[in-house]
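Q: Submitted below is the structure of interest, expressed as C-alpha cells.
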Amino acid sequence: MDRRSALRVAAAGVGGAGLVALLAACGSETNDALAQQAGSDQGYVSGTGVITQVPVADRGEPLDLTFTTLDGTEHSLAEWRPKLVVVNLWYAACPPCRKEAPALEAVAADFADDVVFLGVNVRDQEAAAQGFLDTFDVTYPNMLDTDGSMVSLLSSILPPQATPSTVVLDGEGRAAARVVGSVEESTLRGLVEDVLAGT
C-alpha cells in the first residue's frame, strides 16, 4: 500500500490519549487580529484541521532533507532521529497559522526531550517570518522554504498549498500523522503521545 492510500481519517484510528484529545479539543486562544479571521477563506486552510494517522506498517520510507534555519544553522531531518519531528507549514499573514502558534509552542516545550519541532515558512521573506516568531514567542527552529524543497518532500503526504499543515514524523523519519488545517493543542498533544507510544 502506498503512503497516500495508507493515510486514513483519524476519527476511527486515534487510540488512547489521541481519542480523548480529539473529543476534548480546546486549543489556546489568542487576541491577535489576523487570528480572528481564521474562519474566512483567503487562500489558506481554515477551520478545524482534518486529522489522519498512518499505521506503523504502512508508513513508507524515511524522509530526509538538509536545510538552514533562520539562525543560520544547517540541519537535516535525519540528524534528529530517533526523536520524533513535528513539521509545521505556515506563513505570517495566515490567520489560522497565527491562531495555532501558541498551541504549537506549548506542545513543543512540553515534549522538548523527545520531539523536535520545525517550522517551515512557505511564503515570507526573513523579516516577516522573524516578526511572526517574535510576536508569538516561538522558540523552536524555523526555516524559510524559499525553493519549495520541504513542500516538495511532503507532497505525497499533504495536498498542494495546504497551509497551515502539520506532519508528525516517527523516530525512523516516516510520516506517522498529519493535520491539514489549524491544529488544536490537545489534538496535537494526543497525536504526539500516540506516535511516541508506537501507535
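The values are calculated or read from the model by the stated rules, or taken from the named source; none is laboratory data. Fair warning: this is a prediction, and the values are worked out from it, not measured in the lab. With ideal geometry, Cβ positions are generated from the backbone for all residues, glycine too; neighbour counts draw on all protein chains shown. Heavy atoms of the whole protein, side chains included, go into the accessibility calculation; ligands, DNA and RNA do not. Shrake-Rupley method; radii C 1.70, N 1.55, O 1.52, S 1.80 Å.
Q: Can you say whether Val87 is outside any helix (DSSP H, G or I) and in contact (Cβ under 8 Å) with a residue 24 or more places away in the chain, as far as the supplied structure shows?
A: yes
Q: Another question, then. With (1) touching a Gly at 6+ places or on another chain (Cβ under 7 Å); (2) part of a strand (DSSP E or B); (3) open to solvent by 30 Å² or more (accessible area, probe 1.4 Å) as the list, and Thr199 as the residue in question, which single condition is left unmet?
A: Thr199 satisfies every listed condition except (2).
Q: A follow-up question, please. Go through the range 140-162 and count every residue that is in contact with a Gly (Cβ under 9 Å, 6 or more places away or on another chain) and at pLDDT 95 or above.
A: 4
Q: Are any residues in the range 105-127 outside any loop (DSSP other than H, G, I, E, B), closer than 20 Å to His75 by Cα and hydrophobic (A, V, I, L, M, F, W, C), and if so, which ones?
A: Passing the criteria: Ala108, Ala109, Val115, Val116, Phe117, Leu118, Val120.
Q: Any chance you could count how many residues in the range 107-139 are open to solvent by 30 Å² or more (accessible area, probe 1.4 Å) and either touching a Gly at 6+ places or on another chain (Cβ under 7 Å) or under 16 Å from Ser182 (Cα atoms) (or both)?
A: Total meeting the criteria: 1.
Q: May I ask you to verify whether Met143 is aliphatic (A, V, I, L, M), assigned to a helix (DSSP H, G or I) and farther than 13 Å from Val107 by Cβ?
A: Against the criterion (aliphatic (A, V, I, L, M), assigned to a helix (DSSP H, G or I) and farther than 13 Å from Val107 by Cβ), Met143 does not qualify.
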